[in-house]
Each structure stands twice: as C-alpha cells, then as structure tokens.
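Student: Take this structure first; my questions come after.
The values are calculated or read from the model by the stated rules, or taken from the named source; none is laboratory data. Predicted, not measured: the structure shown is a model, and the values here were computed from it. Cβ sites come from the backbone with ideal geometry, for glycine too, and all protein chains shown count toward neighbours.
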Amino acid sequence: MSQAAPERHETDLLIIGAGPAGLYGAYYAGFRGQRVALMDSLPEAGGQVAALYPEKQIFDVAGFPAIKGQDLVDNLVAQAGQHEPRYFLGHRAEELVHHEDGEHITVRSHKGAEVQCRAVIITGGIGTFSPRPLPDAEEFEGRGLMYFVPRLEVLRDLDVLIVGGGDSAFDWAMNLEDIARSITLIHRRERFRAHERTVEHVLASSVDVRTKTEVARIIGADAPASDDRTAIKGVEIFHNESDEREILEVQAVVAALGFKADLGPLKEWGVQLERRKILVDTRMTTGVDRVFAAGDITTYDGKVDLISVGFGEAATAVNNAVTTIDPSARLFPGHSSDQA
Ligand SMILES: Cc1cc2nc3c(=O)[nH]c(=O)nc-3n(C[C@H](O)[C@H](O)[C@H](O)COP(=O)(O)OP(=O)(O)OC[C@H]3O[C@@H](n4cnc5c(N)ncnc54)[C@H](O)[C@@H]3O)c2cc1C
C-alpha cells in the first residue's frame with residue numbers, strides 16, 4: 001500500500017505554538033499582509049488556556065473584566081481567522097533548517113510535514129506538555145478517565161472522583177459542584193497545594209474531601225459500555241496509612257496530577273536558553289537568524305509570564321519579523337482602526 005507523501009506548505013511566517021501569544025501573532029501577521037501558518041503539538045489551539053483551564057474565568061486580560069478561558073481562545077481563533085492561517089495541529093516542530101539562500105527556513109514536524117517560510121516565531125510557552133498519568137489506567141483514558149475537563153457539561157449528573165490536591169483539582173471540584181451528581185476529592189497527602197480560598201470554599205461545600213487517600217484501581221462496567229459515560233462503574237480507594245479500602249460508585253475520574261512540560265526539540269535550534277526559556281532582546285530576536293520568540297517561552301530582565309505580556313511580545317515579534325522579511329517595510333504597522 002502506498003503511503004501519502006508528507007505534507008509540504010509554503011508561507012511567509014511560521015508560528016510555532018498556537019497558545020494565546022501564537023494566535024495573536026497570527027492575527028498580526030495577517031494584518032501586516034503576511035501569509036501565516038501555525039504549528040502546535042496539541043490537537044486543539046489555545047495552549048495552556050484551552051488545555052488546562054478552559055472553564056476558568058480570567059480577570060486580567062485587557063478590555064475584558066472577566067472572560068472564560070475557552071471564550072478567550074475562541075475569540076483569538078476568530079480574530080486570527082480573518083487572515084486564514086494554515087493550522088498544523090497535532091504536529092510537534094522537530095527540526096529547523098536554514099536554506100543556503102539565507103532567506104528561507106524549513107521546519108519539519110514529527111509527522112514529516114514541512115513548512116517553508118521566511119521567518120519563524122516561537123511561541124512555545126512551557127514547551128509541549130502532557131498530563132502525569134494515573135498508573136495502570138490507560139484503558140479508561142477518554143472513557144470516563146480524564147486529565148482535564150474539556151467542558152463541564154460532559155460530567156452532568158455523574159458521580160465524579162477527583163484525584164489531586166492542587167489548584168486544578170480544587171477548581172474542577174468548585175466548578176462541577178452544581179453539575180455533577182456527587183463529587184469526591186481524594187489527595188494522597190494531608191496538606192493541599194491549592195489556593196487557600198478555593199480550598200476553604202470546597203471544604204465548606206457538598207464535596208466529600210479525603211486526605212491520605214489514593215486510587216487502588218478503576219473498576220470497569222460489567223457489560224461492554226454503550227458510551228463513555230458508562231465505561232466505569234466504580235473506583236477502589238485506600239487510605240495510605242491504615243490501608244482501609246472502600247469502593248466508590250463513580251462513573252468518571254478526573255485525575256489532576258499535574259503536567260510534565262518539555263522544551264524538547266526547540267533546545268537544539270541554537271537559541272540562547274536561560275533556565276529553560278529563550279533569551280530575547282527588545283525586538284524579540286533569539287540570536288538565530290530569522291527566528292523570533294514571544295510569550296511564556298521568552299525571558300529577559302523583568303519578564304512577567306502573563307497572557308497580556310505575551311500579546312504585546314507577539315505584536316513586537318511579528319512587526320520585527322516583517323522588517324526582516326522585507327527590509328523596506330516599516331516597523332510600525334499603522335493603526336488597525338485606519339483599515340478601510
Ligand atoms: C491554571 C492556570 C491559570 C492561569 N491563569 C492566568 C490568568 O488568570 N491570567 C494570565 O495572564 N495568565 C494565566 N495563566 C498563564 C497563561 O496561561 C500563560 O501565560 C499563557 O498561556 C502563555 O501563552 P503562550 O502562548 O506564551 O504559551 P502556551 O499557552 O503555553 O502555548 C504554547 C503552545 O506551544 C505548543 N508547543 C510547545 N512546543 C512545541 C513544539 N515543539 N511544536 C509544536 N508546538 C509546541 C504547546 O503545545 C502549546 O500549545 C495561567 C496558567 C495556568 C496553568
């Protein structure tokens with residue numbers, strides 16, 4: 001059987017990382033008349049916001065007194081969409097090669113897609129990230145066991161076990177309180193790492209919180225499950241000092257055990273790294289010809305890792321990249337409000 005040829009694409013600007021900084025950069029690239037492509041190892045755009053806290057309210061994005069994480073991502077995707085960026089989602093950028101003409105770069109993904117461009121902006125955040133898995137539970141992943149909750153509604157009227165003692169575990173517990181039928185939260189330690197106010201809220205709620213308690217095993221449904229809401233019929237938990245065991249009747253498990261982040265291949269691209277971040281100057285250059293960076297992945301004296309800071313850096317990176325692609329172009333883009 002013949003295999004499909006790897007995808008090849010040509011564009012002006014390639015942005016690696018479709019988090020808030022990358023998505024805003026894609027809008028800006030289009031505003032500057034550039035063709036733009038976005039590559040991200042995750043299957044969905046939105047970076048940390050979409051993957052880790054889509055249902056949380058964010059209060060410090062300029063112009064929005066409060067906005068839900070996923071709504072911010074949807075707005076960014078719509079704003080970038082005006083310029084029809086080409087998305088390579090589910091593609092981890094692996095290799096960056098400069099052409100001999102000194103004016104082009106090709107980036108290859110782990111799936112073999114090749115994007116030829118004239119400048120690259122790395123908006124890779126904390127790198128590629130994956131959840132710390134619950135041991136021996138692979139068979140239930142996506143079938144009742146989840147590492148983050150894509151939409152609260154998927155857990156409506158279910159009995160839910162949340163595992164973990166950090167912010168995510170407590171945030172899910174708080175947000176699911178009026179949606180799930182019942183919630184039990186277990187944590188293997190005595191003390192929680194979550195924000196004090198959230199812990200207080202959850203402890204005062206109907207959520208059954210147990211410490212020094214861990215998962216022994218997930219118990220699958222007796223008959224083959226007709227849907228993902230019925231694949232789990234319970235979880236055996238145990239107290240890690242007394243070894244007292246109990247079976248909880250739950251249909252869903254949210255394992256909020258944290259994420260592993262890895263800069264991975266970006267480390268090999270010759271950019272100057274300082275504490276796992278890319279050192280940039282005021283133009284957002286990285287020291288590698290035609291390669292810029294913006295967002296959480298960058299560092300410099302006084303750097304603050306925030307969405308709003310990443311937006312500003314993305315605009316700076318794109319405008320400077322444009323003057324590299326076309327040295328006769330002006331750095332200042334003009335005002336978007338002057339567009340016809
Ligand atoms: C629970 C939580 C709450 C937060 N609350 C707030 C808040 O209220 N306000 C605020 O301002 N900030 C908040 N933050 C921080 C905020 O989410 C980050 O500052 C922001 O997401 C950074 O955006 P970014 O685009 O730079 O990177 P990211 O959002 O990290 O996106 C980077 C993307 O790059 C991709 N990537 C990395 N390496 C590669 C590769 N080699 N190939 C392809 N793709 C790659 C990743 O998959 C990821 O999608 C919060 C963070 C967390 C975890």
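Student: Within the range 212-229, how many residues are over 19 Å from Gly165 (Cβ atoms) and free of Cβ contacts under 8 Å to residues at least 60 places away in the same chain?
Tutor: Counting residues in the range 212-229 that are over 19 Å from Gly165 (Cβ atoms) and free of Cβ contacts under 8 Å to residues at least 60 places away in the same chain gives 7.
Student: Name the one entry in Lys303, Lys267 that is touching a strand residue (DSSP E or B) at 6+ places or on another chain (Cβ under 9 Å) and either small (Gly, Ala, Ser) or in a loop (DSSP other than H, G, I, E, B) (or both).
Tutor: Going through Lys303, Lys267 in turn, the sole match is Lys303.
Student: Looking only at the range 68-84, decide whether some residue is more than 23 Å from Trp172 (Cβ to Cβ), near the ligand (Cβ under 10 Å from one of its atoms) and crowded, with 18+ Cβ neighbours inside 10 Å.
Tutor: Looking for residues that are more than 23 Å from Trp172 (Cβ to Cβ), near the ligand (Cβ under 10 Å from one of its atoms) and crowded, with 18+ Cβ neighbours inside 10 Å, one finds at least one in the range 68-84, hence yes.
Student: Hey, does the range 134-143 have a residue that's surrounded by 16 or more Cβ atoms within 10 Å (Cβ to Cβ), at pLDDT below 95 and within 16 Å of the ligand (Cβ to nearest atom)?
Tutor: The answer is no, given that none of the residues of the range 134-143 is surrounded by 16 or more Cβ atoms within 10 Å (Cβ to Cβ), at pLDDT below 95 and within 16 Å of the ligand (Cβ to nearest atom).
Student: Consider the range 312-328. How many of its residues are without any contact (Cβ under 8 Å) to a residue 12 or more places away in the chain, over 14 Å from Tyr28 (Cα atoms) and not hydroxyl-bearing (Ser, Thr, Tyr)?
Tutor: 2
Student: Are any residues in the range 32-57 surrounded by 20 or more Cβ atoms within 10 Å (Cβ to Cβ) and within 24 Å of Ile105 (Cβ to Cβ), and if so, which ones?
Tutor: Scanning the range 32-57 gives Arg32, Gln34, Val36, Ala37, Leu38, Met39, Asp40, Ser41, Leu42, Ala45, Gly47.
Student: Which is of a type in the set (Lys, Arg) and within 27 Å of Gly164 (Cβ to Cβ), of Arg245, Arg290?
Tutor: Arg245
Student: Check Leu257, Leu306, Leu248 and return the single one that is under 22 Å from the mean Cα position of the chain (by Cα) and either away from the ligand (no atom under 12 Å from the Cβ) or in the same structural domain as Leu176 (by TED's automatic domain parsing) (or both).
Tutor: Of Leu257, Leu306, Leu248, the one residue that is under 22 Å from the mean Cα position of the chain (by Cα) and either away from the ligand (no atom under 12 Å from the Cβ) or in the same structural domain as Leu176 (by TED's automatic domain parsing) (or both) is Leu257.
Student: Among the residues of the range 333-340, is any out of contact with any strand residue (DSSP E or B) (no Cβ under 9 Å at 6 or more places or on another chain), of a type in the set (Ser, Thr, Tyr) and in contact (Cβ under 8 Å) with a residue 60 or more places away in the chain?
Tutor: Yes, that holds for at least one residue.
Student: Residue by residue through the range 277-315, note down the ones that are charged (D, E, K, R), closer than 19 Å to Leu96 by Cβ and in contact with a Gly (Cβ under 8 Å, 6 or more places away or on another chain).
Tutor: Residue satisfying the conditions is Asp289 alone.
Student: If you go through the range 283-294 one residue at a time, do you hit one that is within 22 Å of Phe129 (Cβ to Cβ), free of Cβ contacts under 8 Å to residues at least 40 places away in the same chain and aliphatic (A, V, I, L, M)?
Tutor: no
Student: Could we say that Gln116 is in contact with a strand residue (DSSP E or B) (Cβ under 9 Å, 6 or more places away or on another chain) and more than 14 Å from the ligand (Cβ to nearest atom) here?
Tutor: In short, yes.
Student: Counting only residues that are free of Cβ contacts under 8 Å to residues at least 12 places away in the same chain and not assigned by TED's automatic domain parsing to the domain that holds Glu177, give me the strands (runs of 3 or more DSSP E) lying completely in the range 40-127 with at least 1 of them.
Tutor: Qualifying strands (runs of 3 or more DSSP E): 93-98, 105-109.
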